[in-house]
Structures are given as structure tokens and as C-alpha cells.
1. Work out Dmax and Rg for segment 32-97 from the C-alpha atoms and quote the Rg first, both in angstrom.
2. Under a plain spin-label model, where a point goes 7 Å from the Cα along Cα-to-Cβ, how far apart in nm are LEU16 and CYS38?
3. Only Lys, Arg, Asp and Glu count, each charged at its Cβ (+1, +1, -1, -1), so figure out the dipole size of segment 32-97 about its Cα centre, rounded to 20 debye.
4. How many angstrom separate the Cα center of segment 41-55 from the Cα center of segment 64-91?
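Rule-based calculations on the coordinates, nothing more; no lab input. Model, not experiment: these values are computed from the prediction. Reconstructed Cβ throughout: ideal geometry from the backbone, glycine too, with neighbour counts over all protein chains shown.
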Amino acid sequence: GRNPDSSVFTNLQDVLEIEFPSPTSHEKSSFSIECGICYSYRLGTAIPDQVCNDPRCGQPFHQACLYEWLRVLPSSRKSFSLMFGECPYCSKVCVHTHTHTH
């Protein structure tokens, strides 16, 4: 039931029967290390090592996921081992550095 003396926040927690993360724990975990495209940390043996160039975004991606994303974007362009295109999160320019050798 609702307690009229409790805050909206506390009542929400009671009604939904969940605990929201405290502001301090949220700030620490706001740097996400999950890939922004496949939403997982590991992709085979790879971890997200490509990051959006905009420091305000900084979303990490797996190299393979970002490559596939940029490869199908009509607006992306390739230059040597670099591929430029829109970040799926902030729409700023995102650069994929291709390190695999054929």
C-alpha cells in the first residue's frame, strides 16, 4: 500500500517492488562497457574497443559490430584502414579503425 508520508520515489519502489540504484552507484556505472550495437560485452574473444569520437557520447562498440553498422550506412565513407559514419547513439562522426590484416 501507499504511505502518504513517503516520497514518490519510495512509493514507486514499493509499488514496483524493485530497488532503484542510488545516485552514487549509478554515477560509477554510467560508463557502459557493453557494445552499443549488440548490447553484450564479449563477442567471441573480442571486447568493445572502438569508442565514439564525441567525448560526450563515448559509446563503446565491438570492432566487428561497428564495421557492419558503418558498412551498411549509405552515408559512411572509407579511407585506407578507416571508416567514417554516424554513431548509432549521438549521430556524430564515428571512426572505425580496421586493424585486421588480410
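1. For segment 32-97, the Cα-based Rg and Dmax read 10.9, 30 Å.
2. Roughly 3.0 nm, to one decimal.
3. Values: 6 positive and 5 negative charges, 31 e Å.
With Lys and Arg at +1 and Asp and Glu at -1, about 160 debye.
4. Between the Cα centre of segment 41-55 and that of segment 64-91, the gap is 14 Å.
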